[in-house]
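FYI, it's all coordinate maths here, none of it is from the lab. Predicted model only: the values in this text are computed from it and were never measured. Neighbour counts run over all protein chains shown; Cβ positions are idealised from the backbone, glycine included.
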Amino acid sequence: MPDNRVPVLVVGAGLAGASTACFLATRGVPALVVERREGLSPHPRAIGQNVRTMELLRWAGLESAVHEISPVEHARLRIVIASSVRGPVLHSITEGTVPDTSHLSPASWGMASQDRMEALLLDRAAERGATVRLHTELVEFTQDEDGVTALLRDRTTGEEERVRADYLVGADGNRSAVRSALGVGTHGAGTLTHNVSVLFEADLGDLADPGEQVLYYLQNPEFIAALASPMGARGRHVFSVEYHPDRGESPEDLTEDRMTELLRVALDSPALRPRFLSRGPWEMAARVADRFRVGRVLLAGDAAKVTPPTGALGGNTAVQDGFDLAWKLAAVLDGQAGPGLLDSFDAERRPFAEMVVGQSLRNAAVRMAPHLLQEALPEEVPYLDIMLGFRCRSSAVLAENDADGGDGSADDGADDGAPAENALRPSGRPGFRAPHVPLTSAGTPLSTVDLFGDGWVLVTGRAGGPWHEAARHVAERLRLPLRAVGPGEELADPDDRLAGAYGIGEAGASLVRPDGVVAWRSAVGTPDPTTTLHRVLCQVLDRVA
């Protein structure tokens, strides 16, 4: 018999695992998180939260907390390719302040480093009921139709415990033991470079000021490296250098003395005396798991995809994986949805991972691995479109003509096969993020984005009327957190943009999922909105009735 029973067992406390546990906890699902490391890594690693990620954190009540640990007001970004920090600049990738995206979202950019984000997410998860066990490893697991049985080992005491979970989330990194145990392969460009990173303290003078995030990609005749000075890190910097196993090199060759020599060359500072705080080898790779779900086990973060750290997409994707898993797992565990809803995790997140890995690979070719420019690379997708114009295709998205029993595809007759749309001109179509439209409530400004993030929302062209009555009936019948909103006495649309932006007119409706993605819409009214809405939700949620 298992010693413990939990709804969800999360293996790994990196960004994906911590996010999954945090977002589950905010929905009342207390996960058990196990992490084989004795403590969280002090290494900054992935730095920065894009607007989509910040929307998710905003819904969890964490947007202000992210800004507190890494203020972004007037923050400047600088990404430079050079042979050395103070040498001639070969190419400047980005230079300026954080982009103004207030016309696209009420959420603002974050600049927190991964070490701080992991701690923040795990603390919030624990506050809301999750259990976090460090220095605890997954030994083995088996699954059946009803759940997963896992054997855990305390790496300090050696004691073992059997845990029974409804679902297991493998968020255990690039060399995922969970993925390996499932027999899930990977595909993609594979290993690109081998590297050793060090976190060090040193006074680098005018290299960066407290309000600046600076990143150098160094293509030096002696080495290929990256140097980052995270904003707010107070004299701490990250230096990552390539080594070449095919030449007989190993991480052990990059001793502190050798790293000091390389840093002096990189910084044109022959007297530099860095104080090293931590170090570790890592592999820059581009690969995606062949499957993100096997039965009751799901993969997230680097266990599901590994992306080059060029473009700030890997960490953001991990957090977004966690949110997607959380709302879908919570719905299934609460009986709001059937298990088929979880199939949409693979159907939606794997194509997104393919896009992210492809774009990061393009960036890596320009910044760190010029030899890759000879390879066939994916077409460029603008960062803004990846961030806010992404498309979801799955059974959890219905085309507008599917309310009467279509096949559940996301093809609404205008599907060009592109993985994203122009984020500057959001369409409001099913499968895309619901557009930001400024509204007011009792005179207080808010965004349509602030209406989402928890339950289901039916957006209409006006308050009251048949769609609102239908939402009340269907919410009660399906025991579902569903509410209808539209311009009226309580909610004002001062610029008269809502109906047009959502493509619904005055008589139509748009059904928005808890993740802010449009699940279905009708541009016009219907003779029986209650039956229509009930049918739509049953299809999307894999419900019989």
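If every alpha-carbon in the chain counts as one equal scatterer, what log10 I(q)/I(0) does Debye give at q = 0.07 1/Å?
Each listed q maps to, in turn, -0.41.
Please turn the phi angles of the stretch 161-166 into ³J(HN,Hα) values with the Karplus equation 6.51 cos²θ - 1.76 cosθ + 1.60 (θ = phi - 60°), one per residue in order, whole Hz, x for glycine and proline.
8, 9, 10, 10, 10, 5
Taking 7 Å along the Cα-to-C-beta vector as the label spot, tell me the residue 175-residue 477 distance in nanometres, rounded to one decimal.
Each label point is offset 7 Å from its Cα along the Cβ direction, giving 5.4 nm.
If you count the DSSP beta bridges with both ends in the chain, what percent of them are antiparallel, to the nearest 5?
Roughly 75 percent of the beta bridges in the chain run antiparallel, per DSSP.
Output ³J(HN,Hα) for the stretch 509-514: one whole-Hz value per residue in order, computed from phi by the Karplus curve 6.51 cos²θ - 1.76 cosθ + 1.60 with θ = phi - 60°, and x for Gly and Pro.
7, 10, 9, 10, 6, x
By how many degrees, 0 to 90 and rounded to 10, does the Cα axis of helix 15-26 deviate from the longest principal axis of the chain?
The angle comes out at about 30 degrees.
Compute the distance in nm between two label points, each set 7 Å from the Cα along the Cα-to-Cβ direction, one at residue 376 and one at residue 92.
3.7
Provide the per-residue ³J(HN,Hα) series for the stretch 178-191, in order, calculated from phi with Karplus coefficients 6.51, -1.76, 1.60 and θ = phi - 60°, each as a whole number of Hz, with x at glycine and proline positions.
Per-residue couplings from phi come out as 5, 4, 4, 5, 6, x, 8, x, 10, 9, x, 5, x, 5 Hz.
Give the peptides 318-325, 43-50 in descending order of average Cβ contacts within 10 Å, highest first.
318-325, 43-50
Between 0 and 90 degrees, rounded to the nearest ten: what's the tilt of helix 314-333 against the longest Cα principal axis of the chain?
Relative to the chain, helix 314-333 is tipped by roughly 40 degrees.
Between residue 132 and residues 5 or more places away or on another chain, which pairs have amide H atoms under 5 Å apart, with H built 1.01 Å from N, and which residues are they?
33
For the stretch 390-540, restrict the atom set to alpha-carbon positions and state the Rg and Dmax in Å.
When restricted to the Cα atoms of the stretch 390-540, Rg and Dmax are 14.3, 43 Å.
Which of the peptides 279-286, 342-349 is most tightly packed, and how do the rest follow, going by the mean number of other Cβ atoms within 10 Å of each residue?
In decreasing order of mean packing, 279-286, 342-349 become 342-349, 279-286.
Cβ neighbours within 10 Å, averaged per peptide: list 176-184, 162-170 in order, most packed at the top.
Going from most to least packed, we get 162-170, 176-184.
Between residue 285 and residues 5 or more places away or on another chain, which pairs have amide H atoms under 5 Å apart, with H built 1.01 Å from N, and which residues are they?
Answer set, sorted by chain and number: 192.
Once the convex hull of the alpha carbons of the stretch 39-197 is built, what does its volume come to per residue, in cubic angstrom?
Normalising the Cα hull of the stretch 39-197 by residue number yields 206 Å³.
If you fit an axis through the alpha-carbon atoms of helix 256-266 and take the longest principal axis of the Cα set of the chain, what angle between them do you get, 0 to 90°, nearest 10?
80
Which length gain, in nm to one decimal place, applies between residue 145 and residue 277 when the Cα-Cα distance is subtracted from 0.36 nm times their residue separation?
Taking 0.36 nm per residue and subtracting the Cα distance, the gain is 42.8 nm.
Residue 6's amide H: which non-local residues (gap 5+, or another chain) put their own amide H closer than 5 Å, with H modeled 1.01 Å from N in plane and none for Pro or chain starts?
164, 165, 166
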